[in-house]
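Reading through the structure tokens given below for one structure.
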Amino acid sequence: MLTRASLFCLTIALAASANAQTVSGEQLFKQRCSSCHAVTAKDGPRIGPNMAGVIGRKAGTTAFPTYSAALKKSGLTWTETTVAAFLAGPTKVVPGTRMVVALPDAAQRQAIVKYLATRK
């Protein structure tokens, strides 16, 4: 039998879960990616390359000065599928990449990829 306290905790947990599911790709990008990556074309690179226009671009081809040799030689073209796979496990997709931060949550990855597709 649920006590009043446990019902309250359950309600809070469900509300938090629902809220997490409604977080936009833009919000997730700001939370998870913006400390390293810009997403506005006029901004320069940060610790990592600028992500504006990433969908459709060949990997390692912007003016970002410190791409790893592995990424430059990867032959990847960034599609929604390849970006999602890279975010799931950067070092698995491109061994030797300098990006080591993965995004394990599939829904968050998808939201960020959809957001990146809108950034030209």
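Please treat every number below as a calculation from the coordinates, not as lab data. What you see is a predicted model; the values in this text were computed from it and never measured. Neighbour counts are summed over all protein chains in view; Cβ atoms, including those assigned to glycine, are modelled from backbone coordinates with ideal geometry.
Data overview
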| item | result |
| --- | --- |
| Potential extension, ARG46-SER68 segment - 0.36 nm per residue separation minus Cα distance | 6.4 nm |
| Flagged links, alpha-carbon separation over 18 Å, of LYS42/LYS114; LYS72/LYS114; LYS58/LYS120; LYS73/LYS114 | LYS42/LYS114; LYS72/LYS114; LYS73/LYS114 |
| Size of electric dipole in segment 24-118: Cβ of Lys, Arg +1 and of Asp, Glu -1, about Cα centre, debye, nearest 20 | 220 |
| Hydrodynamic radius by Kirkwood, which averages 1/r over all alpha carbon pairs of segment 54-120, in angstrom | 12.1 |
| Sites LYS58 and VAL23 - FRET efficiency at Förster radius 35 Å, r taken between beta-carbons, to 0.05 | 0.70 |
| Contact order relative to length of segment 23-120, as percent, for alpha carbon pairs under 8 angstrom and 6 or more apart | 31 |
